[in-house]
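Before any comments, here is the structure.
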Amino acid sequence: MCGRGPDRGFGGMGGSHFATTHWSLVLAAAQQDSPASREALATLCEAYWYPLYAYARRRGRSADDAQDLTQSFFAALLEKHFLATADRERGRFRSFLLTAFQRFLSKEHDRAMAQKRGGLRRTLSLDAESGERRYLLEPSHDWTPERVYERRWALTLLERVMARLRQHYADAAKPQLFDGLKVFLAGEGGAPAHRDVAAELGMSEGAVKVAVHRLRRRYRELLRAEVAQTIADPSDVDDELGVLLAALGSREP
Amino acid sequence: MSELHRCPQCQAELASDAPEGLCPKCLLEQGIKVVSLVEAASSESAEAPARGFSPPSAQELAPLFPQLEVIELLGHGGMGAVYKARQPRLDRLVALKIMRPGAAKDAAFAERFSREAKALARLSHPNIVTLHDFGQAGELYYFVMEYVDGASLRQMEQSGRLSPQQAMAIVPQVCDALQYAHDQGVVHRDIKPENILVDRKGRVKIADFGIAKLVGAAAADYTLTASQMVLGTPRYMAPEQIERPREVDQRADIYSLGVVFYEMLTGELPLGRFAPPSQKVQVDVRLDEVVLKTLEKEPERRYQHASEVKTEVEEIGRGPSVSPRPAGRAEPSGDALERLILPLLPHRKAIAVDVYRQKAGVSLAEAKEAVEAIARKHGIPDTPARINRRGLVVLLTGIIVVGALLGFAIWGLDLSPIISGAILWAFWVPFLVVPSIRIAWRYRGTTHGRRAALMAGVWLFLLVGLPVLNFLAEPEATLNWLYRVTGAKPGRHDVAFFHGLFMLMALGTLVWLIWLLRKLRRQHINQRQAAPPPGQGLAGPGTH
């Protein structure tokens, strides 16, 4: 209602010098296609297909249906670039994707069936089987499909960030450090004492504190970077984080 | 179903696919939080982001408010969170606003809170969100306010649904609210698009009156300017609000209103050296003055009262729009215009004012003033502007009488058709047709001129129509005369030819008359629309 988050003037696309994030690249290339933008879009789609799948399932489609719909939607998206139709949602890939998918669902119901048999060119590798397995693990509250989508989006984003974080430490040949310290990422509340962790990892307490601080900082950077990839204007990152937090937080139907 | 783990920190259920086994909510919260104050101070934005304040859900809040039915979270900011709720006993929807816990914990705050809230509760105005109740539930300070089913200006701007006309309809209502509050001694101090709500019926409601002052530096949105903590949202704050916060009065609200107005019209904030609104969007040039005056840096140079702003904006909205006149359009200069006006004074002042307005492209009020000035200049007495219907009636009667006499002369006295036609022409042309045509030309482009053209058309129609009637009544006689004059041979095709020719002329004149009438009627309607009744609502803002 009033005062939602720190105000920031107008949302919307930044100028061309922001075209380093995936989504801003895609948006900027709305008129002229380029291999870089197509790749960016493909990357984004590959990363965030599961929330759409979960949405389709929550909308009442069977597992097969949802799989086909998601596949053909992404194929169509990569082919045709539905960007012209979604002007309001351009700022955020998350909302754009959902709106485009909703439109797609309402139009393509029958066509999707035919395409399944028509040998659709699959340009994305969606692991539909694992998708269904994951979907069955979703909490069975009576949430709206949109809620499910948003929540899944937030979780997918977090998973990606954690994967990158883990990779970062693996590259530095310290995977056990990540495992030992990751519990601190969720805040002080549930974390063990620094002393105990130090003993476990064979480090001094001071070193543990420093390592935790570095981990947190790296995590924050990666988190913000990941969010920024899905929006056009980097100054919207805080707002988008707020939306994602709300998507995870509330437990109302 | 897998066994449920719980997050040790927030006690939320942990699904088995939680990222790295960590609670996603806590994870994300930690990711948002600012790690150290040093980082905050050195970060580019001067605004403090929402510091990890995750508002409780509606269910979590419910036990604290047994007398309410908390329905859902509507939004949250740095100050706290707002929920949609219901008062079952009164069966009405309300908005429940809670302050961030830890906003203030001392007794002095509690006392100030109570005093200020009472002052706010006394504000009762259709354009101000009413405060129903306030208090403390556990550790939370809360307000129960009127629920506004609509959208904030910020939401309307972002979804691109704000036209200049709507902005012009919104601003007077905001001024009303501000003037009322100022009269009660309450200054808002935080006017911004987020605080201006528009409900589905187009009514404007201002929220969070005085809360910026009430809540204090700890919880309100603040900014670190020169190591001082200042209240309010910097971009909308008046300069004196930043520099001398204790000396702020109602004029600061007027400045903020100016910023909001500018943003509504142009979509941008008036920062540094900014262009006047009419140079950025298609709006009335006179708005520039109003907006610039509200944005004066010195409070003394601004409008001193919100009601003044309202009057100006409504005045501009009433008259026909004045756009910066494109160069090259030859409008009559002062002298020529005067010569047009003078013959119409004093008895047809209304027509004179109309002519002036249409020729010079100014508002009704300005035209009236100008015409009166011309009258004074030439020593013409001022009569109340009335349409001189009497003169018209006299003229019409005279014509009918004379026409009837002539008709009698032709058919009664049995004069030949040619002679009678000639007489009619001789009578009508100099007295009626020529003057009408002259006026229609001189006053072209005005209603007066068009009316004269209409009259000329009527006479011409009659002029052509009567010979036609004549011909139809006595075709032989007319034709014989024509053959004699032109030396042509009689035959059936000749009859048809002349028949057709006369018909064509009559038809042509008729068509021209109808066109003239329609144009006049349209002009009449336009004049009516240019002065709509005040307080017109907006087209609905729709869902947010």
Fewest-first sequence of B:Ser124, B:Ser163 by Cβ atoms within 10 Å of each Cβ: B:Ser124, B:Ser163
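FRET efficiency for B:Arg89 and B:His378, Cβ-Cβ distance as r, R0 = 51 Å, nearest 0.05?
0.10
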Full-stretch length increase - B:Val401, B:Glu314 - with 0.36 nm per residue and alpha-carbon distance subtracted: 26.3 nm
Relative intensity, log₁₀ I(q)/I(0), of the stretch B:151-318 from a Debye sum that treats every alpha carbon as a point, q = 0.15 Å⁻¹: -0.79
Computed label-point distance, nm, for sites B:Ala336 and B:Ala15 using a 7 Å Cα→Cβ extension: 7.7 nm
Average beta-carbon neighbours from other chains, 10 Å sphere, peptide A:216-223: 3
The stretch B:151-318 - percent relative contact order, Cα under 8 Å, separation 6 or more: 25 percent
Peptides B:169-175, B:336-342 ordered by average Cβ neighbours within 10 Å, highest first: B:169-175, B:336-342
Added length on full extension, which subtracts the Cα-Cα distance from 0.36 nm per residue, B:Glu366 to B:Met503: 44.6 nm
Separation between Cα centres of the stretch B:138-179 and the stretch B:234-274, rounded to whole Å: 17 Å
Shielding by partners - mean other protein chain Cβ count within 10 Å, residues of B:13-24: 6
For B:Tyr83, residues with placed amide H under 5 Å, excluding near neighbours: B:Leu74, B:Leu96, B:Lys97, B:Ile98
A:His213 versus B:Glu139: modelled label distance in nm, points set 7 Å from Cα along the beta carbon direction: 2.7 nm
Cβ neighbours within 10 Å from other chains - mean over A:181-188: 6
Charge dipole (debye, nearest 20) of the stretch B:151-318; +1 at Cβ of Lys and Arg, -1 at Cβ of Asp and Glu: 360 debye
J(HN,Hα) series, the stretch B:87-97, from Karplus relation 6.51 cos²θ - 1.76 cosθ + 1.60, nearest Hz, glycine and proline x: 9, x, 5, 9, 6, 9, 7, 9, 10, 9, 10
Across B:Lys359/B:Lys519; B:Lys310/B:Lys359; B:Lys192/B:Lys280, pairs whose alpha-carbon gap is larger than 26 Å: B:Lys310/B:Lys359
Label point distance in nm, B:Val434-B:Val393, each placed 7 Å from Cα along Cα→Cβ: 3.1 nm
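Every number here is computed from the coordinates shown, using simple stated rules; none is lab data. The structure presented is a predicted model; accordingly, all values stated were derived computationally and were not measured. All Cβ positions, even for glycine, are placed from backbone atoms using ideal geometry, and neighbour counts span all protein chains on display.
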